[in-house]
Each structure stands twice: as structure tokens, then as C-alpha cells.
1. Long-range amide H contacts for Phe61: which residues qualify at under 5 Å (H placed 1.01 Å from N, peptide plane, sequence gap of 5 or more or a different chain)?
2. Count the net charge of all other residues whose Cβ sits under 15 Å from the Cβ of Gln33, scoring Lys and Arg as +1 and Asp and Glu as -1.
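We did not get these values from a lab; they are worked out from the coordinates using the rules stated. Just so we're clear, the structure is a prediction, and the values are computed from it rather than from any experiment. Backbone-built Cβ (ideal geometry, glycine too); neighbour counts: all protein chains shown.
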Amino acid sequence: MKVYIANPLYDAAFKRIMEEERIAKTFLSAILQREVVSIKICQDGFRNIKSNSISIFKMGFVASIKNPRDGKVANPQKMMGKNQIHS
């Protein structure tokens, strides 16, 4: 007997909840332990992958995060240009 445990990164219910900007900002702020100022779901962030007869959803985010030391907000576009992020 196989048991499937939902991975929060790929769970369809988690995907639906994270589509709500306020919830996504709060969740990411808690994980990162930094204030997330703004968030954007990447245009190519949704993928429906068939694996072992289950659907897997993958989401990508771009978030502006406030530095707690100086209060400046990091520019995600500049950061992505330096460090190409691939999924």
C-alpha cells in the first residue's frame, strides 16, 4: 500500500491558498523571518506535472523583502539579474 503525503510546495490546496496575496506575504514572512513588502507570482510559476498518476503544482514567487538592519527594501529584479534563479 502506497501512502501519499501532501508536500506543501506542490499541494493543490496550498496553491489555491497561496494565490491570496495577503496570505502568501504572511506565510513567506514567517518562513523568512523578514518583512515581505510585496509579492508577485511568477508568470511561469504554475506547472501541472503528472507524476505517478497525481497532479503536482509548482509555484514561483518574486518578493521584495525589507532589510531589518537598515529598513531598505531589496530589489528582486536586480538580485535575479545577478543570481539567475532556475526551477
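1. Sorted by chain and number, the residues that satisfy this are Cys42.
2. Details: positive: Lys25, Arg34, Lys66, Arg69; negative: Glu35.
Once positives and negatives cancel, what remains is +3.
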